[in-house]
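> Here it is, the structure in full.
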Amino acid sequence: MSKDEQYMKRALDIARFGLGNVSPNPMVGCVIVNEDKIIGEAWHKKFGGPHAEVHAVAQVEDKSLLPKSIIYISLEPCSYHGKTPACTDVLIKHKVKRVVISNRDPNPRVSGSGIQQLLEHKIEVKEGVLWAEGRELNRRFFTNQEEGRPYVILKWAQTADGFIAKENRDSKWISSDASRKIVHKWRAEEDAILVGRGTVEYDNPTLNVRDWEGNSPVRIVIDTRLKLDNSYLIFDKQINTIVYNYVKDQIRENLIFRRINKDNFLEGMLKDMNEKGLGSIIVEGGTETLNYFIDAGLWDEARVFVSPAKFERGIEAPKIIQEAESKEMIADDELYIYRYHTAENVNARE
């Protein structure tokens, strides 16, 4: 591994600390190196707060070292004044020697212009270091910018014989305590959590973060005909909640009813989420809702727990026809991770 790759890896590693706190912005890490020694490093900590470059520069006690230093940034520095000043201004002000970047920012307001500003001020720029790793880190942000929709994660637990619930729709406690705790960690990392009307009716979930520290995601329910009454926990007004439907637009405190055209409902719903700054969603069911995303090819990742329990009969779990990217044991459960591949993926319920 080269020196540039070594320090970029550090920038990518610390950028991950922003997960769950910076969306819809990307996760960014910045490492400042002088004579092969890190003299400052930071990550973007909170949406609307100072960016990684500003924090990292502030850490450098002797600012006279900056003109002789190399700055490693996991994403191209921003070049415009938004909620915070342009990061390029900070680097230009201190006349840094060299800037190394993993990825260009896909946001049209930035893409290439940050690099161009640095070059115009005689700052050497190298890009593409650990490019694939940078894309993976900010896969949510790249999906938002390039496809105009949130990054979609499907999640479910199923029995060893392939059922997601019993015949009476009882689906509780298929997976282990350890697996359920991980699910709450995942909820804290994403912007929104989505279920269908049936899940609300049969499970009456709170859809919040309980077994992990972090923010509860925005709750999203697909209730196309608005058949749910206000007795369910999702209407407790404790968390921002959106109900996507065919019927009406209405806002009541932090409860939003959003009407979407029936003809392109799923695409319209995802576009609306993206416009609301929801960069990622975790879809937790039920089978009909999960298959809705699978059939449309509108998902990016699937996380499937397989329990050793068996129901023998019940409601079948969704099926993904492709090899899992990874598998690991979580207590007695097997956790399979899938990534969407256009050419391979079809639904196999028939």
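The values are calculated or read from the model by the stated rules, or taken from the named source; none is laboratory data. Given the structure is predicted, the values throughout are model-derived calculations rather than measurements. As a convention, Cβ positions derive from the backbone with ideal geometry for all residues, glycine included, and neighbour counts pool all protein chains shown.
> Kindly indicate which of LEU290, LEU266, LEU335 is part of a strand (DSSP E or B) and among the hydrophobic types (A, V, I, L, M, F, W, C).
After applying the criteria, what remains is LEU335.
> Within the range 281-326, track down each residue that is of a type in the set (Lys, Arg) and in contact with a Leu (Cβ under 7 Å, 6 or more places away or on another chain).
So the first thing to find is which residues in the range 281-326 are of a type in the set (Lys, Arg), and the list is 303, 310, 313, 319.
If the condition is that a residue be of a type in the set (Lys, Arg) and in contact with a Leu (Cβ under 7 Å, 6 or more places away or on another chain), then ARG303 is the only one that fits.
> OK, next. Against the definition (modelled with pLDDT under 95 and either surrounded by 17 or more Cβ atoms within 10 Å (Cβ to Cβ) or not in a helix (DSSP H, G or I) (or both)), how does LYS126 come out, yes or no?
no
> What strands (runs of 3 or more DSSP E) lie completely within the range 1-107 and have 2 or more residues being without any contact (Cβ under 8 Å) to a residue 40 or more places away in the chain?
On the way: elements: 29-34, 37-43, 70-75, 98-103.
Ranges flagged: 29-34, 37-43, 98-103.
> Of these, LYS271, LYS248, which one is more than 27 Å from ASP170 (Cα to Cα), in a loop (DSSP other than H, G, I, E, B) and either modelled with pLDDT of 95 or more or among the β-branched types (Val, Ile, Thr) (or both)?
Values: LYS271 fails: in a loop (DSSP other than H, G, I, E, B).
Matching residue, one of LYS271, LYS248: LYS248.
> How many residues does the range 163-191 hold that are touching a residue at least 60 places away in the same chain (Cβ under 8 Å) and touching a Gly at 6+ places or on another chain (Cβ under 9 Å)?
Residues meeting the conditions: 12.
> Would you confirm whether or not the range 176-183 contains a residue that is surrounded by 17 or more Cβ atoms within 10 Å (Cβ to Cβ), at pLDDT 95 or above and part of a loop (DSSP other than H, G, I, E, B)?
No, the range 176-183 contains no residue that is surrounded by 17 or more Cβ atoms within 10 Å (Cβ to Cβ), at pLDDT 95 or above and part of a loop (DSSP other than H, G, I, E, B).
> Which of the residues belonging to the range 268-315 are within 22 Å of LEU335 (Cα to Cα) and polar (S, T, N, Q)?
Matches in the range 268-315: SER280, THR287, THR289, ASN291, SER307.
> Hey, any hits in the range 221-236 for a residue that's of a type outside the set (D, E, K, R), in contact (Cβ under 8 Å) with a residue 40 or more places away in the chain and under 21 Å from HIS341 (Cα atoms)? Walk me through how you get there before you give the answer.
From the range 221-236, those of a type outside the set (D, E, K, R) are 221-222, 224, 226, 228, 230-235; that's our starting set.
Next cut, in contact (Cβ under 8 Å) with a residue 40 or more places away in the chain only: 222, 224.
When the remaining residues are screened for being under 21 Å from HIS341 (Cα atoms), the result is none.
Scanning the range 221-236, I find no residue that is of a type outside the set (D, E, K, R), in contact (Cβ under 8 Å) with a residue 40 or more places away in the chain and under 21 Å from HIS341 (Cα atoms), so the answer is no.
> Taking LYS262, is it of a type in the set (D, E, K, R) and within 23 Å of the chain's Cα centre (by Cα)? I'd like the intermediate steps shown before the answer.
Values: of a type in the set (D, E, K, R): yes; within 23 Å of the chain's Cα centre (by Cα): no.
In short, no.
> Looking at VAL200, VAL195, can you tell me which residue is surrounded by 21 or more Cβ atoms within 10 Å (Cβ to Cβ), part of a strand (DSSP E or B) and in the same structural domain as ILE281 (by TED's automatic domain parsing)? Before the answer, list the steps.
On the way: VAL200 fails: part of a strand (DSSP E or B).
Result: VAL195 is the single residue among VAL200, VAL195 that is surrounded by 21 or more Cβ atoms within 10 Å (Cβ to Cβ), part of a strand (DSSP E or B) and in the same structural domain as ILE281 (by TED's automatic domain parsing).
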